[in-house]
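Contents: one structure, followed by commentary.
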Amino acid sequence: MGLEPIRSYISSGWNTLSRSLSDCATFSDSKLTGAPQLYLPSDFPEPEAVKQLETRCKVQVRNLPPSGDRLGKPGAAAISPPGLLYLKNRYVVPGGRFNEMYGWDSYFIIVGLLRDGRLDLAQDMVNNFLFEVEHYGAVLNANRTYYLTRSQPPFLTSMILGVYGAQKVAGHEDRAWLTKAYQLATKDHSLWDAEPHLAGSTGLSRYFDFGDGPAPESVQDETGHYREVVAYFLAHPEQDRNLLVRKALGQTSPLTVGSTYSLQVCDLVRTMAKPECAVAADVALSSDFYKGDRSMRESGYDISFRFGPYGAGTHHFAPVCLNSLLYKSEKDLEQISSILGRKEDVEQWKKRAEERKANIQKYLWNSQRGLFVDYDFVQQAQSSYDYVTTFFPLWSGLATPEQAQALVQHLATFEQPGGLVMSPRETGGQWDFPYAWAPNQLIADVGLRKYGFDKEADRVSYKFLSTVAENFRRDGTIREKYNAVTRSSETQVTAGYHMNIVGFGWTNGAFLELLHDLPVDLVQKLAREQGSSATAAH
């Protein structure tokens, strides 16, 4: 007993959450309706294994149109019907409605796979990402056609080095593989260093979705979401920064895309009678709102009010998380260049990393508050929204020791009985108070330990681990998020999709890594809480 049941759940989960072309369940998509579709790259011959799918899984197979076969190409949004993008190798999905290979989820999944000795599956996933970069232009949000407009937080170099390090430990270092991975990772990195992903003149980067209008997965799977957004801005006009467009009845506007909603004035009725109403005006969300909404989804933090209500201003910010990740990517590419003996590249990546670090220090560090914060480059102002991504610069190693000490003093802003909460603000969004998410627990844990704050890391990670374990003991599942205040998997999200998905890929991976980082006595304590006598593998 002890931790064995939850370890077994995670271990078997790598298989139950795996998808491949041999599994017909790979093609289902609960976010959209319609017959399953599989799209190959535009210039890619149909493999023999794929030909068999058309009969066995009743999948329609076609090639992407050249006008929409890469991230950011204008024809991507017009691909119909939507479908799965071809990947040759197996991959692990998060679970539930997320039945495809996701960009940043996969980093935490791969961390768990490597910790569990599943190098084969971890390398298959990295090879899939390299295929995405080569044939679809970049690491995608996930391998669906409607994600050809955006990427996700860039963890590719961290995944590559994780697999390469495991190869070396296993005694079969593959320099040829690393060389190819380096070339494609360099290509993927270029996405973030060019327009439209540049954050003004800051020298930093931003999230930006190439598409326009409502996000397809939201229209189908987040019932009434955009209507709720309209209602929010009508109730809070002081926060409506040209995000709503009011129109006369029947009028069209070039500033809007998506649905139009009717404003009505109705009698207040206190009986069962139907109230009498008169239509006052039409209202729609602006094109700029949808650009922010889509860009928020590229950030992975959907939905939070961190970049304004419902993330509407995401594309106006240079975020701490993204630029810390890009600094880490540049340092990783410097390291890989060194391994491969590419001296000129080493110097180039070193210089680029130092330039980004200097700009992060200039725009994102608030010395008065002792926090890293996001920067609104349109308003030329730092955000006042405290967010748990302030710990990313510790994970990436760009913070000074003095900054690390200041950040530790702010743990109390986020620390709750169940771990680190996303923010102190309760908005109804799942990426705000009171929720704790596994990826941010692991980023903070690794960052704190990197700067010598092991005691604090032990305390915070134990709170999260024990929350996951306690809920597993109660219902036998691991979830995508937890209420950090009540230490429960019961959630009351009101913005976006409202479920708490079972699975769950990145929670499984982060759990294993956080557990590995704990001192033995705390692992044994956690095991005892699971109903065991004192032993647990470490």
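Derivation of every value follows stated rules applied to the coordinates shown; laboratory data play no part. Given the structure is predicted, the values throughout are model-derived calculations rather than measurements. Every residue, glycine as well, gets a Cβ built from its backbone with ideal geometry; the counts of neighbours run over all protein chains shown.
Can you list the residues of segment 270-290 with backbone N under 20 Å from a point 7 Å past the Cα of Val219, pointing along Cα to Cβ?
Only 283-290 fall inside the zone, counting backbone N under 20 Å.
Please say if segment 376-516 is rounded, prolate or oblate, where rounded means a/c under 1.5 for a ≥ b ≥ c the square roots of the C-alpha gyration tensor eigenvalues, and otherwise the choice is prolate for a/b larger than b/c and oblate otherwise?
Here segment 376-516 falls in the oblate category.
Within the set of other residues whose C-beta is less than 13 Å from the C-beta of Glu456, count the net charge using Lys and Arg as +1 and Asp and Glu as -1.
0
Quick test of your reading: applying the under-4.7 Å Cβ rule, which cysteines of the chain are isolated?
Isolated Cys, the chain: Cys321.
Leu407: net charge of surrounding residues, Cβ under 14 Å, Lys/Arg +1, Asp/Glu -1, itself excluded?
Within the 14 Å Cβ shell, the charges total -2.
In nanometres, what is the gap between the two model label sites at His172 and Gln239, each 7 Å from Cα along Cα-to-Cβ?
5.3 nm
For segment 411-426, in order, what is each residue's ³J(HN,Hα) by Karplus, 6.51 cos²θ - 1.76 cosθ + 1.60 with θ = phi - 60°, in whole Hz (x at glycine and Pro)?
3, 4, 5, 10, 6, 10, x, x, x, 8, 7, 5, 7, x, 9, 8
Report Rg (one decimal) and Dmax (nearest whole number) for segment 339-458, counting Cα atoms only, units Å.
Calculated on Cα positions, Rg and Dmax stand at 15.9, 51 Å.
Enumerate the amide H contacts of Arg144 below 5 Å, restricted to partners 5 or more residues apart or on another chain; note that Pro and chain-start residues carry no placed amide H.
Leu85
Which whole-Hz couplings ³J(HN,Hα) result when phi for each residue of segment 303-317 is put into the Karplus expression 6.51 cos²θ - 1.76 cosθ + 1.60, θ = phi - 60°, listed in order with x for Gly and Pro?
So the J values, rounded to whole Hz, are 10, 9, 9, 4, 9, x, x, 6, x, 5, x, 3, 6, 9, 10.
Computed over the Cα atoms, what is the radius of gyration of segment 222-291 divided by 2.2 N^0.38 Å, N being its residue count?
Normalised by 2.2 N^0.38 Å, the Cα Rg of segment 222-291 equals 1.23.
In what sequence, highest mean first, do 494-504, 271-281 appear when ranked by Cβ atoms within 10 angstrom?
On the way: 494-504: 18.6, 271-281: 9.5.
Peptide ranking by packing, descending: 494-504, 271-281.
Using 0.36 nm per residue, how much length does the chain from Ala194 to Glu426 gain when fully extended, once their Cα-Cα distance is taken away?
80.0 nm
Quick one: net charge of Pro65's neighbours, Cβ under 15 Å, K/R +1, D/E -1?
+1
Could you give the distance between the Cα centres of segment 435-488 and segment 320-359, to the whole Å?
Value for the Cα centre distance between the two parts: 30 Å.
Among the listed pairs Lys331/Lys463; Lys291/Lys351; Lys180/Lys481; Lys88/Lys187, which are separated by more than 25 Å between their Cα atoms?
Distance filter (> 25 Å) returns Lys331/Lys463; Lys291/Lys351; Lys180/Lys481.
Quote the convex hull volume per residue of the chain, based on C-alpha atoms, as a whole number of Å³.
Here the figure is 175 Å³ per residue.
From the backbone phi of segment 181-186, what are the Karplus-calculated ³J(HN,Hα) couplings (6.51 cos²θ - 1.76 cosθ + 1.60, θ = phi - 60°) in whole Hz, Gly and Pro given as x?
Couplings: 4, 4, 4, 6, 5, 4 Hz.
Nearest 0.05, what FRET efficiency do Cys277 and Ser28 give at R0 = 41 Å with Cβ-Cβ as r? Write out the running numbers ahead of the final one.
Details: r = 41 Å, r/R0 = 1.00.
Computed FRET efficiency for Cys277 and Ser28 comes out at 0.50.
Based on alpha-carbon centroids, what's the gap between segment 207-239 and segment 126-181 in Å, whole number please?
The two parts, judged by their Cα centres, are 31 Å apart.
Let me make sure I get this right: for segment 404-482, a, b and c are the square roots of the gyration tensor eigenvalues over alpha carbons, sorted descending. Under 1.5 in a/c it's rounded, otherwise prolate if a/b > b/c, else oblate. Which is it?
Oblate, because a/c is 1.5 or more while a/b does not exceed b/c.
How much length, in nm to one decimal, is gained on full extension between Val378 and Thr400, taken as 0.36 nm per residue of separation minus their Cα-Cα distance?
That pair, Val378 and Thr400, stretches by 5.2 nm at full extension.
Residues of segment 398-440 with amide nitrogen under 15 Å from the 7 Å Cα-to-Cβ point of Ala231?
Under 15 Å, as judged by backbone N against the label point of Ala231, lie 428-429 of segment 398-440.
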